[in-house]
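The values are calculated or read from the model by the stated rules, or taken from the named source; none is laboratory data. Not measured: the values here are computed from a predicted model. When we count neighbours, we look across all protein chains shown, and the Cβ atoms used for this are built from the backbone with ideal geometry, even at glycine.
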Amino acid sequence: MHARRVAPPPSHERVLDRKTVSTRLQPTVRRRARGFTDVLAIPPVLPTTTRGAPGYVTSLGPGTRARQRSAVPSLPVTARPFASLASRSRDICSAAAAAMSWCVYALLVACTCELISRTTAKTFVEDEMFWMSVGKSELNEALNVQINNRVAKNVILFIGDGMGPNTVTATRIYKHGESGRLNFEKFPHMGLLKTYSVNKQVPDAASSATAMFTGVKVNQKTIGLDANHNHNETTHCRSDNPRRRIGLESLATWAQAAGKNTGFVTNTRITDATPAALYARTSNRKWECNAAMPENVKDCKDIARQLIEEEPGRNFKVIMGGGKKSFNANNSSVTSKHFLDKHLCVRTDGKDLIKEWIEDKTSKNLSYQYLTNEKDMKSLDTENTEYILGIFSNGKMPMEYHRTSHMLDTPSLEFMTETALKVLSKNEKGFFLMVEGGLIDLAHHESKARLALDETVEFDKALNTSIQLLKQWNMLDDTLLIVTSDHANSLSINGYPKRGNNILDVAGKSQVDDVKYTTLTYSIGFAPDPIYRQFGTYVIRQDPTILKTTSHEYTQQVGIQEGTGVHSGSDVAVYAKGPMGHLFHSIHEQNYIAHVIAYATKIGPYQNGLNNNSTGIMTSNIYLICILISFFFIFNLK
């Protein structure tokens, strides 16, 4: 016996949208659809298939249009399970075929994009037309530089400690590639500074910072004292000396006398050589606290005491950095291997200089805040705070890589600079701020190039944040921005690596010892292990690639091993933007910086212009008196 056949209703066209497709899975919808031929039009995406119902055919295909199909009579009841199975098989095959098609399509698109990219890279050549265009662009930029002859209301002096020319070049490549530029390299004015001190060919930070901040070059390892004073002498602070504690005046002193707000930010100790040159006078840069001073210099105040107890130190509106142990040995901070500081001076006389600073501000009814961590800074009310003392570590502050990777609660150089500007910028007479990236030099002393480059990047970020804030406050045109370094280090950029090569990676292989070498090395400096090893009659250089040369903690190879890295005597660059920035235009003595700043702001020896240089006038008068005395003796002898 045959199963009864159900005649289909009259054929007609029916087009289903996406919503209908989803509802067709319900039995009630299937019953309504039984006996119809449905053609579903869908866009070319992976199709959503439905199980076919007995008595109708579902046709799915990318890009097909709905079209009328003739009604298909229902199958016998005994044949329906086989029809259902066949329908399911067809749906699965269709879905698999569609998925395969789209995989092939995606692969073709990816291959096409890669082909276009490679073809473009191969066909683009930095040819004559390209470099002529680059040269013309730079020429137009130079011709459009506007000379700003305004009196500078504000000054920000950025000091990258140890940021010599090779450090700048390596950081540029590290961050932006060979053709890129750091933010300060976009400044319109620049020059070179000769860094030697009075008695040394290669300077230290104490003598070079003193030159930049006072306008006078001095002897090595001395701060705030001219060349009449030698290292370790005590005559400048003896009680029987009529010139006791008389030394050089700094930019901070001149700015305070003009009524400006003053401050400094550093990520090393606030008593370290560079910031100390703003406020201290000492014949030994290491006398940061009493414990470092010999018994015969009790009449001299250590650097920390000078900052808190004497001018101009106690008048700073902003002091931020590390070095808490030099102010109060009982004060503790975060303990971490990254806070170990072999130059740290721990106070032993029982004085609490931080308490003295707080009592001084309280007695004068001044608004102040003492900060110890980043959390304190984030909650600081800069609008209602006049004075800030922020000491965030026992010794030097952690490097940026260590700070972020260990999630330490210490502020970045960028954040400290931003906070300092918000406090100092409230004075209508202007401000003077010194920002030191002090850990660049420290990384170089450890022969860790990547850490030095990271610190330079952070230094550049602090500069960029300053520029953005000044723009926001409409103060940029009245602010003289200067970026420079106190000295260079022995970092060198070697070999003939391909353009685009990782600056921290291998540059090539020596033709002499057949061993690879990195692009960055130090001519002289610290190395934890011997670079050369002897095997019988052979001396073999260690292959640097046995370690990861791009690691933050990788120590570069050095030509000559020393206990620590040493400085370089090369010139350093100075970059300037703002009022009188064009005065940096050639090769200058390093002390020239203080003269430009004083002249641009009309403070100190240049408060009435160039002819107000009292030192020059005094010197001229002395020469005149000497000439008159000479003539007097000559005529008397006759």
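The table that follows gives values for the structure above.
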read-out: Residue match in the stretch 512-520 (condition: among the hydrophobic types (A, V, I, L, M, F, W, C), in a loop (DSSP other than H, G, I, E, B), buried (at least 16 other Cβ atoms within 10 Å of the Cβ) and modelled with pLDDT of 95 or more); value: no
read-out: Set Asn296, Asn267, Asn284, Asn290: member being closer than 20 Å to Gly215 by Cα and assigned by TED's automatic domain parsing to the domain that holds Lys324; value: Asn284
read-out: The lone exception for Leu389 - which of (1) at positive phi; (2) surrounded by 11 or more Cβ atoms within 10 Å (Cβ to Cβ) it fails; value: (1)
read-out: Tally of residues being in contact (Cβ under 8 Å) with a residue 40 or more places away in the chain, part of a loop (DSSP other than H, G, I, E, B) and in contact with a Lys or Arg (Cβ under 8 Å, 6 or more places away or on another chain) across the stretch 197-226; value: 5
read-out: Lone qualifier among Lys361, Lys337, Lys378, Lys355 - being farther than 19 Å from Phe264 by Cα and at pLDDT 95 or above; value: Lys355
read-out: Single condition Val198 does not satisfy, out of (1) touching a helix residue (DSSP H, G or I) at 6+ places or on another chain (Cβ under 8 Å); (2) more than 19 Å from Ile587 (Cβ to Cβ); value: (2)
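Conditions tested, residue by residue: (1) modelled with pLDDT under 95; (2) part of a loop (DSSP other than H, G, I, E, B); (3) in the same structural domain as Asp513 (by TED's automatic domain parsing); (4) more than 25 Å from Ile156 (Cα to Cα).
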residue: Pro528; (1), (2), (3), (4): yes, yes, yes, yes
residue: Val539; (1), (2), (3), (4): yes, no, yes, yes
residue: Thr550; (1), (2), (3), (4): no, yes, yes, yes
residue: Tyr554; (1), (2), (3), (4): no, yes, yes, yes
residue: Ala573; (1), (2), (3), (4): no, no, no, no
residue: Ile593; (1), (2), (3), (4): no, no, no, no
residue: Ala598; (1), (2), (3), (4): no, no, no, no
residue: Ile617; (1), (2), (3), (4): yes, no, no, yes
